[in-house]
Amino acid sequence: MTRKTAASASASASASASASASAGAPMQRPPAELLYAEELARLATEDRGPVPPGWRLSMGAVIRFIAGGDGIRRKLVCAPSLLERALVTLASNRALLLVGEPGTAKSLLSELLAAAISGTSTLTVQGSAATTEDQIKYGWNYALLLNEGPSERALVASPLMRGLREGRLVRFEEITRCPPEVQDALLSVLSERLLMVPELADAGTVFAAPGFNLIATANIRDRGVNEMSAALKRRFAFETVFPIADYDEELALVRAEVDRLLARDGLAVTPSPEVLEVLVTAFRELRTGVGRDGQAGERLSTVVSTAEAVSVAHAVTLRGHYLRGDAGHPADIVEALAGAAAKDNADDLKKIRRYLEQRAAKRAGEHWQAFHAARHLLPE
């Protein structure tokens, strides 16, 4: 693809995405290619790097889109080397598997990569125990199938088939939640870069166009995962997405995401800086078992991720705005933590209580004292 063609294709995709968004009904959560259509169009216009076959942007432009810089906002906190390795994998004949703790933005990373590289992030298969091989490969319009037999018109293309035909990235969320025999439906596709439709005889082979590849995610904390076969593992490059290591970066990310969600809600509300400080600090210390002062503490068995911190901060701000007319209160965090801890292990409630009594009580500031004073909200 030439530079002019790549820029025009990306700009056209962004323009059509924006038109679709304005013409259609409002969306609660627009996909990345709609949410950042202007940035993608700008990057395509300014892009001067070499573009891999079938891609809309160069690797450098994709990194800038995700990591930010020169007027492009950062959308994800991760090591630049992770982005580089992921992009090189996607430009090769190996698929990419993002693994890690829940809430480490694996799905967000796959969405951003697909939006920047292919212009769409919606070619997605959601893995679950109920996912079938037909949902991965293709299905049929049974009314047409019964009326006229197997035909192109009766064929219902899956996201994977569309990705092959159109030369786009396909996302497979929570691949290890699928039964192993369903996972292995990907083997021939990833090996031969084609999909067979035996019912269509001579016209039944769909070959991968340049740009096709697969990004899968897997949650290592999910106790219900199914082990991938060795054959399938060989077709993936594994990349681990780690929690955000730096406190200031996590705090800034939570604040930015909550601001974005509140703007989406049409609210001119600013989350309380004190509430965000308590929330992010408590989540980090309960997640890692290590305080900001380096002192060891207790670690929750329940995942209290950055993604959950964003959700809680958003909910706390909404609660304050709609019910009390304020920007949220530290006591609201205690109730949110109680709900999070009760998901998996009731013993985590005891750990939260000890955290409030031993750590929060010693912190300076009215917001920390209010957080400590609300410990009675924890269920016994």
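The values are calculated or read from the model by the stated rules, or taken from the named source; none is laboratory data. Here the structure is a predicted model, which means the values were calculated and not measured. Methodologically, a virtual Cβ is constructed for each residue, glycine included, from the backbone with ideal geometry; neighbour enumeration extends over all protein chains shown. Quick note on the areas: whole protein, heavy atoms, side chains included, nothing else; ligands and nucleic acids left out. Shrake-Rupley method; radii C 1.70, N 1.55, O 1.52, S 1.80 Å.
Dipole magnitude for the chain: computed about the Cα centre from +1 point charges on Lys and Arg Cβ and -1 point charges on Asp and Glu Cβ, it is near 520 debye.
Connecting C-alpha atoms closer than 10 Å in a GNM of the chain, tell me which of Thr132, Thr89, Thr124 has the biggest fluctuation. The residue with the greatest mean-square fluctuation here is Thr132. Only helices enter this figure: runs of n ≥ 4 DSSP H residues, each worth -39500 (n - 2.57), summed and divided by the residues of the chain, yield -14000 deg cm²/dmol at 222 nm to the nearest 500. Given that just one value was derived from the coordinates, which of (1) 21.9; (2) 22.9; (3) 21.2 is Kirkwood radius over Cα pairs in Å? Matching entry in (1) 21.9; (2) 22.9; (3) 21.2: (2). If you plug the beta carbon distance of Val156 and Glu46 into 1/(1 + (r/R0)^6) with R0 = 51 Å, you get a FRET efficiency near 0.85.
Here the contact order of the range 149-221, divided by its residue count and restricted to Cα pairs under 8 Å and six or more residues apart, works out to 45 percent. Projected onto its three principal axes, the C-alpha set of the range 198-352 covers 67, 40, 28 Å, listed from the longest axis down. Rounded to whole numbers, the Karplus 3J(HN,Hα) couplings from phi for the range 107-114 are 5, 5, 4, 5, 5, 5, 4, 5 Hz, using 6.51 cos²θ - 1.76 cosθ + 1.60 with θ = phi - 60°, and x at Gly and Pro. So, counting K/R as plus one and D/E as minus one, what does the shell of residues with Cβ under 12 Å around Ser191 add up to? Summing Lys/Arg as +1 and Asp/Glu as -1 gives +2. Heavy atoms of the protein chains alone define the surface here; on that basis the chain has 46 Å² accessible area per residue at 1.4 Å probe size.
Just to confirm my numbers, what's the Cα centroid distance between the range 344-376 and the range 25-71 in Å? Comparing the Cα centres of the range 344-376 and the range 25-71, I get a distance of 43 Å. Rounded if a/c is under 1.5, else prolate if a/b is larger than b/c, else oblate: which is the range 39-115, with a ≥ b ≥ c the root eigenvalues of its Cα gyration tensor? Note, shape of the range 39-115 comes out oblate. When a 1.4 Å probe is rolled over the protein heavy atoms, the share of accessible surface on the chain that falls to carbon and sulfur comes to 54 percent. Please determine, in degrees from 0 to 90 and to the nearest 10, the orientation of helix 247-264 with respect to the longest principal axis defined by the Cα atoms of the chain, where the helix direction is its Cα long axis. So the helix axis and the longest Cα principal axis differ by about 70 degrees.
Maximal additional length on extending the Asp184-Ala79 stretch stands at 34.7 nm, based on 0.36 nm per residue less the C-alpha distance. Modelled this way, with points 7 Å down the Cα-to-C-beta line, the labels at Ala268 and Thr122 are 3.3 nm from one another.
Using only Cα atoms, what is the ratio of the radius of gyration of the range 222-303 to 2.2 N^0.38 Å?
1.52
Ranked by the mean number of other Cβ atoms within 10 Å of their residues, highest first, the peptides 147-157, 57-67, 133-143 fall in the order 57-67, 133-143, 147-157. Each of Val125, Ala252, Leu144 was scored by the projection of its Cα onto the charge dipole of the chain, and the greatest displacement toward the positive side belongs to Ala252; charges sit on the C-beta of Lys, Arg, Asp and Glu. If the chain linking Ala346 and Arg260 were pulled fully straight, counting 0.36 nm for each residue of separation and taking away their Cα-Cα distance, it would gain 27.6 nm.
Rank by packing, highest mean first: peptides 285-295, 177-187, with packing defined as the count of other Cβ atoms within 10 Å averaged across residues.
Details: 285-295: 13.8, 177-187: 18.4.
Going by the mean number of other Cβ atoms within 10 Å, highest first, we get 177-187, 285-295.
The largest accessible area among Glu249, Glu239 belongs to the first residue in Glu249, Glu239, and the rest follow in falling order (1.4 Å probe, all chains).
What per residue convex hull volume, in Å³, do the alpha-carbon atoms of the range 149-263 yield?
Dividing the Cα hull volume of the range 149-263 by its residue count gives 185 Å³.
Under the criterion of Cα pairs below 8 Å and six or more residues apart, the relative contact order for the range 266-380 equals 25 percent.
For the residues Val278, Val258, Val125, a GNM of the chain with alpha-carbon springs under 10 Å puts the largest fluctuation on Val278.
Enter the angle in degrees (range 0 to 90, nearest 10) between the Cα long axis of helix 80-90 and the first principal axis of the Cα atoms of the chain, meaning the one along which they spread out most. Relative to the chain, helix 80-90 is tipped by roughly 20 degrees. The GNM of the chain, with springs linking C-alpha atoms under 10 angstrom apart, assigns the highest mean-square fluctuation among Ala296, Ala209, Ala114 to Ala296.
In this label model, Ser92 and Ala237 are separated by 0.5 nm, measuring between points 7 Å along each Cα→Cβ vector.
Tell me which lysines have Cα within less than 26 Å of Lys350's Cα, excluding those fewer than 8 residues away on the same chain? List returned: Lys362.
Based on Cα contacts under 8 Å between residues 6+ apart, the chain shows a relative contact order of 14 percent.
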